[in-house]
Each structure stands twice: as C-alpha cells, then as structure tokens.
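Worksheet: one structure, shown below.
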Amino acid sequence: MIPIDGGSTSPSFPKPSSGLQKSLYSVERKSAGCQTREKIAIIGGGLSGWLSALMLRRVFSANVDIAVFEDPNLPCFKGGEGGLHHFIAMVRRLNIDLQHFVHTTKPTFKMGNVFRGWRNGSASDIFYNLHPGMNDHLEELDFSLYGFWPYLATAIASGVPLETIFPAFALIEQKANQIEATAVFNTHRSGVEPTLHFDCRLVVDYLKKIGMERKIRTFARKVVDFGISPDGHVDALKLSGGDIFNVDFVIDASGLRHLLVGQKLNGKWHSFSDSLLTNSAIDFRLANSGAKVDLVSEYFATPAGYICRIPLSDHYSGIHVFSNNHTDWLRAKREVELLFRSPVAARPVITFDPGNFEKTWMGNAIAIGVSSGYLGPLQASATETTIHQIARLERILLECNGVIGEHIIEDYNKSNNGAFKANADFLRMHFDGGRRDTAFWRDAASARRSSHYQQMLACFAERLPRVIDFENYGAGFPPLYHVLDWLFIASSLGIVSKAAALNELEGLPPNIRDKMERYGRDILVRGNVQSDLGAQSDLGAQSELPLQNGLGAEGELSPQNGLGAQSKLSAQKNLPPVSGHSFGQEPLHEGEEIKEAGQNWQRGGYQFQFANHARFSQARTEQDKGGVHAG
C-alpha cells in the first residue's frame with residue numbers, strides 16, 4: 001500500500017480492548033510529542049461533512065489530521081434548506097461569526113412553514129406551523145398550567161388558527177421584507193424564534209473555506225473501497241488511482257450512497273416505507289421576479305406527494321417529493337410547471353427508502369446526516385437530525401475523557417434509532433388531515449401508524465399534547481420538534497379538536513376559566529374568524545396584532561433608525577410591557593377574584609361555552625386548591 005501522504009501504513013489508533021473504545025481525544029494528548037499524527041477521514045464534503053469536520057477541529061488540536069474527501073463527479077446538493085433554530089446555534093458553537101456568515105452566504109429569515117392543500121386540496125386549505133419563541137415574553141407562551149398552555153387551548157376551542165395569535169404573523173400577512181422582519185424580531189416580542197433559509201452550495205463553500213483556514217485538509221478524490229482490519233475496524237480508505245489513506249476514525253457523510261456504514265459494513269436498515277409513502281424526488285429552481293422574499297417554507301400537496309419551495313435571496317429552490325407507486329417523474333415535473341407556471345429543467349430523479357440504519361456507529365466508523373438515514377425534506381428533518389448527531393458526538397468526545405465504552409456507542413445507536421422513530425411519527429401525522437381525493441392520499445392516510453403514535457392520537461382526542469408525551473420519545477436524543485410544533489400541526493389537521501381543548505379548559509380554576517373566556521371573545525372579535533375548514537382570519541385594518549419597532553405607517557421603515565409609527569395593522573395599540581398580557585389585557589394574578597364561569601356567546605357559527613360542556617361540571621378540587629402555577 002502506498003500512503004497518499006507518505007505516513008505510516010499501520011494505524012496508530014488503538015482498537016477496542018476489553019469493551020473499551022479509545023478515542024482520538026486521549027490518543028492526541030498522549031502522543032502530542034510524537035511524530036505520529038492520528039487521522040480522521042470524512043467521506044463527503046456536503047453540509048454534513050463540513051459541519052462534522054469543523055466540530056472535530058473544535059474538539060481536537062492540529063496534532064490530529066482531519067481530511068475531507070469529496071468525489072469530484074458527485075458534487076454536494078445545491079438546493080435550498082430551511083432549518084430550525086438549532087442551525088443558528090450550531091453556527092455559533094463552531095466559533096463562526098454569525099454576522100459574517102449571514103453577509104457571505106446571504107440567507108433569509110424563516111419563521112416556520114405554510115401548508116397548502118393538505119386537508120382537502122382546496123385553494124383555501126392553508127395552515128401554518130410557526131417556530132415558537134419561548135423566550136419572547138408573550139403570556140400566551142409564558143403561561144402554562146397542568147402541563148398545557150391555556151391561551152393556546154382557548155384559541156383552539158374558539159376555532160382560531162394558532163398562528164394568528166402570534167404578533168409576528170402580521171409580517172407574513174403584510175409580506176414584510178427582511179429589514180422589517182429584522183426590526184420586529186429584535187424586539188423579542190414577536191412570539192417566533194426565527195431561523196434561516198439558506199443556499200446549500202453557498203453555505204458549504206463558506207464552511208469549506210473556514211475549514212481550510214483551520215487546517216482541515218480536503219481532497220477531490222473518490223473513495224472506492226475501504227481497508228478493514230481483522231477486528232472489523234476501518235484502517236484505510238482506498239482512493240481512485242490506487243492511493244491509500246490510512247485512518248484512525250471515519251465519518252461517513254456520503255449521503256444517500258451510504259458508502260461505508262451501508263455498502264461496506266452492511267448496516268441493517270430500518271425502513272418506514274409502510275408509514276411514509278414518498279420515495280422519489282426531483283429538485284428544481286425557479287426565478288424570484290423581484291418579489292419580496294417569503295418568511296416561510298411552503299409545502300404544496302400534490303396528487304401523489306408534496307412540493308417544498310424554499311425562498312432564497314435571489315431565487316426559489318424547490319423539490320417535488322412523490323411516490324413512484326402512484327405517479328412517475330414526468331407527471332411530477334409537469335405538476336411543478338403547472339403549479340408555478342414556469343418550465344423547469346429536467347433533473348435526475350432522486351430515489352430513497354425512508355428509514356435509517358439501526359446502528360450508525362460501528363467500531364471506529366460513524367454515519368452522520370443523510371448517510372445515517374433519510375425521511376425526506378418535510379419539516380427539515382434531515383438538517384436538524386444532522387445537527388443533533390454532531391452535537392451528541394461532540395459531547396461524547398469531550399465528556400468521556402478519551403475512553404468510550406461500548407455501552408456509550410450502544411446508547412448512541414439506540415438514541416439515534418429512537419429519534420428517527422419519533423421524527424417518522426411526526427411526519428406521518430401530516431397525512432392524517434382527512435384528504436382522500438387521490439389514491440396516494442387515501443393510501444397515505446391508511447398507512448401504518450406506530451403503536452406509540454396510535455397511543456398519542458388516543459390521548460390527543462381528549463387533551464392537548466404535553467412535554468411529558470415526548471420526554472423519552474427519542475430514547476436519549478432531545479426531541480427534534482417542540483411540543484408546540486406537534487400542537488400546531490395536530491390542531492390544524494383536526495387531530496386535536498375543539499372538544500379536546502374544552503376538556504382542558506374545563507379543569508382550570510374558575511378565575512382562570514373566566515380569564516380565558518374573555519381572551520376567547522377578544523381574539524374572535526379581533527380576528528373575525530370563520531370556523532369553516534381552511535378559512536383564514538382577515539386581520540385587515542381592525543387587527544390589533546402588534547407589529548412595531550421597524551414598520552412605519554404603511555409598512556415601510558421610518559427614518560428614525562427604523563423605530564417609527566406603528567404599521568396600519570396596529571395603529572391603536574402599543575407593544576405591551578413584558579409583565580402584561582401580549583394583547584394589552586391585564587396579566588394573570590393568583591389573587592384574582594373567583595367568578596362563576598359559563599357565559600354563553602356565539603360568533604361565526606361556533607358557540608363558545610364552558611359551563612354547558614358535557615364534562616365541565618366535573619370538579620377538580622385538588623387543582624382548584626392549588627391555585628395558579630405558571631409552568
């Protein structure tokens with residue numbers, strides 16, 4: 001064997017002994033004065049590969065050689081992505097200046113997602129899943145009791161779409177630009193924690209540049225095979241042209257090719273194809289004709305799948321995900337062209353089996369990102385899973401003091417496997433909204449549900465989701481999606497019903513019930529909500545959603561440093577103080593006078609009432625005595 005860099009042909013990385021895996025961390029510390037350099041190889045130079053490389057460089061000094069191998073004939077994905085808030089946290093954790101990152105890669109704000117046509121396919125069938133800002137001092141989010149959020153339950157019981165009670169939703173309705181959105185988010189009262197839409201190509205190029213500055217080596221070479229030692233560890237990469245690169249630790253970031261953990265090590269694949277029916281995709285690019293950049297990712301339901309369209313600074317990036325058992329790529333392409341009234345270039349069809357490897361860490365090799373598993377682009381699950389995996393690997397390397405037991409590796413695999421199961425259930429829920437007009441949607445609705453998801457559905461028929469429902473869902477990994485993400489989708493699809501919300505509200509102490517009745521009346525009057533499926537609130541000139549610190553009287557920036565008059569949506573109301581209610585009502589106080597609940601009133605065809613609800617009279621003496629406790 002001829003080493004590509006002239007180093008030793010025998011790996012210096014110690015192999016497991018007596019059930020222990022010696023990590024590079026301890027080897028680096030013990031051999032810092034030696035000539036031998038431990039080597040880490042990353043197969044794949046996409047987003048997963050470069051995020052992993054930068055994490056490893058943050059953990060290890062220059063005494064450890066970190067090299068990224070990029071197949072020149074298979075460039076990384078060049079489409080758009082839209083992550084959750086974990087992505088921004090990852091950028092900061094990698095010691096990357098966020099302002100420089102934004103200036104260079106030109107991302108745009110993402111407040112959440114909008115879903116079109118997922119319940120009945122009509123033009124008015126629209127709902128949102130915003131990313132809740134849990135630190136934005138909104139009482140709707142700050143105040144929880146008995147495990148749920150009473151203000152959100154009141155909105156659901158009133159037939160009010162949850163997104164409309166978030167102040168930042170007015171940004172979407174007014175089609176605010178990025179500067180206006182920045183000003184509103186900087187108030188930390190928008191109710192939304194924004195993240196970013198970004199162009200993968202620009203971000204990968206940026207991360208690569210940072211990596212090379214930090215002494216990470218990169219090779220435009222194809223990995224064609226691997227050298228495996230007698231104890232089953234990877235000791236070398238075999239490259240095109242016959243060269244050898246000896247390794248001590250390997251990260252498989254080869255994407256859907258699954259080069260190492262899948263093809264070479266024959267990892268066992270767990271498929272969710274009986275629950276998630278989409279298995280093919282075509283990506284495309286659309287011009288943005290000078291319009292303002294949207295603040296949400298869009299998911300359009302199609303006859304045999306869905307289209308994801310991500311707004312970027314100068315164009316739209318999209319992908320049509322479909323079931324090849326229900327349509328073909330040509331019809332899928334035509335559906336994109338008909339929907340957006342624009343021709344799209346023919347691109348190779350991406351095929352995948354939704355699922356994951358049950359063991360992604362095997363010996364001295366670990367798969368990260370899509371190489372470890374893939375469920376499709378819905379809800380940015382791939383990007384977020386990658387970030388969670390990298391964060392967990394970093395923690396293990398730092399906290400195990402260089403000695404990683406097999407039980408740690410087993411726990412990692414178990415946690416990763418559990419996380420994929422939880423994510424699959426969350427994505428499966430999106431197809432339970434009642435649409436049945438095509439064969440795909442009928443089949444998707446009747447597809448298998450896991451026993452865990454079935455049990456949660458039974459609970460959600462009676463009550464709202466709670467944090468405790470998801471605490472051990474991922475078997476160790478923190479939940480990828482917040483409980484309020486589940487609530488947004490479940491309430492929009494009717495999985496959490498008005499009756500379930502009323503069940504929650506009936507058990508509140510009388511003073512809080514009275515408060516929620518007043519709040520319910522207020523949001524109905526303000527929103528002019530109709531209860532028909534898909535009807536959106538008309539927030540018009542009468543809306544009191546606060547949209548300030550950046551928007552002038554006509555939605556434009558004022559000359560006083562962007563802090564001028566209120567937008568026309570909120571001309572009569574100032575942003576309330578932190579201690580008050582987010583819509584100007586008085587805050588909750590434990591000593592409020594207890595009043596008899598049960599005023600009956602009607603608006604928009606739905607009778608909002610507590611006292612006459614079937615289970616309302618059931619006493620909750622223990623809870624009433626407990627008073628009010630903000631969770």
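Observations on the model:
- Counted residue by residue at 0.36 nm each, then reduced by the alpha carbon distance between them, the extension gain from Ser446 to Asn63 reaches 132.4 nm.
- Given Lys106/Lys175; Lys209/Lys268; Lys110/Lys238; Lys209/Lys421, the pairs whose alpha carbons are separated by over 30 Å: Lys209/Lys268; Lys110/Lys238; Lys209/Lys421
- Loop-located trypsin sites (Lys or Arg not before Pro) in segment 447-497 (DSSP state other than H, G, I, E, B) with a sparse environment of at most 14 neighbouring Cβ atoms within 10 Å: Arg448.
- The stretch between Ala439 and Lys268 holds 58.5 nm of extra length on full extension. This uses 0.36 nm per residue minus the Cα-Cα distance.
- All-pairs alpha carbon distance profile, segment 30-159, 5 Å steps from 0, percent: 2, 7, 10, 13, 13, 13, 10, 10, 8, 6, 4, 2, 1, 1, 0
- Summed residue charge, Cβ within 14 Å of Asp136's Cβ, Lys/Arg positive, Asp/Glu negative: -3
- Phe431 sits among other residues whose Cβ lies under 12 Å from its own Cβ, and their net charge, with Lys and Arg +1 and Asp and Glu -1, is +4.
- Lys414 sits among other residues whose Cβ lies under 10 Å from its own Cβ, and their net charge, with Lys and Arg +1 and Asp and Glu -1, is -2.
- DSSP-assigned coil residues among trypsin sites (Lys or Arg not before Pro) in segment 98-183, each with at most 15 further Cβ atoms within 10 Å: Lys175
- Pairwise Cα separations in segment 359-463 fall into 5 Å bins from 0 onward with the following percentages, short to long: 2, 10, 18, 18, 15, 13, 10, 7, 4, 2, 1, 0.
- For segment 393-476, GluC sites (Glu not before Pro) meeting the loop criterion (DSSP other than H, G, I, E, B) and having at most 13 other Cβ atoms within 10 Å: Glu462, Glu471.
- Whole-angstrom gap from segment 346-370 to segment 35-65, using each part's C-alpha centre: 20
- Arg428, Arg395, reordered so the largest accessible area comes first (probe 1.4 Å): Arg395, Arg428
- For His103, the solvent-accessible surface computed with a 1.4 Å probe is close to 140 Å², ligands and nucleic acids excluded.
- Semi-axis lengths, Å, segment 233-281, gyration tensor of Cα atoms, sqrt of 5 times eigenvalues: 29, 13, 8
- For Lys215, solvent-accessible area (1.4 Å; no DNA, RNA or ligand), Å²: 140
- Summed over the residues of segment 226-357 and divided among them, the accessible surface reaches 40 Å² per residue at a probe radius of 1.4 Å.
- Part-to-part distance (alpha-carbon centres) for segment 451-473 and segment 243-313, which is given in Å: 28
- Accessible carbon and sulfur surface of segment 132-231 relative to its total accessible area, %, 1.4 Å: 56
- One way to sum up the overall shape of segment 236-349 is the equivalent ellipsoid from its Cα gyration tensor, whose semi-axes run 35, 20, 14 Å, largest first.
- Cβ-Cβ distance of Ala287 and Thr182, R₀ of 22 Å, FRET efficiency by 1/(1 + (r/R0)^6): the value works out to about 0.35.
- Inter-centroid distance (Cα atoms) of segment 328-342 relative to segment 424-439, Å: 22
- Solvent accessible area, Å² - Ile156, 1.4 Å probe, full protein context: 10
The values are calculated or read from the model by the stated rules, or taken from the named source; none is laboratory data. Being a predicted model, the structure only gives us computed values, none of them experimental. Methodologically, a virtual Cβ is constructed for each residue, glycine included, from the backbone with ideal geometry; neighbour enumeration extends over all protein chains shown. Note: accessible area is taken over every heavy atom of the protein model, side chains too, but ligands, DNA and RNA are not part of it. Shrake-Rupley method; radii C 1.70, N 1.55, O 1.52, S 1.80 Å.
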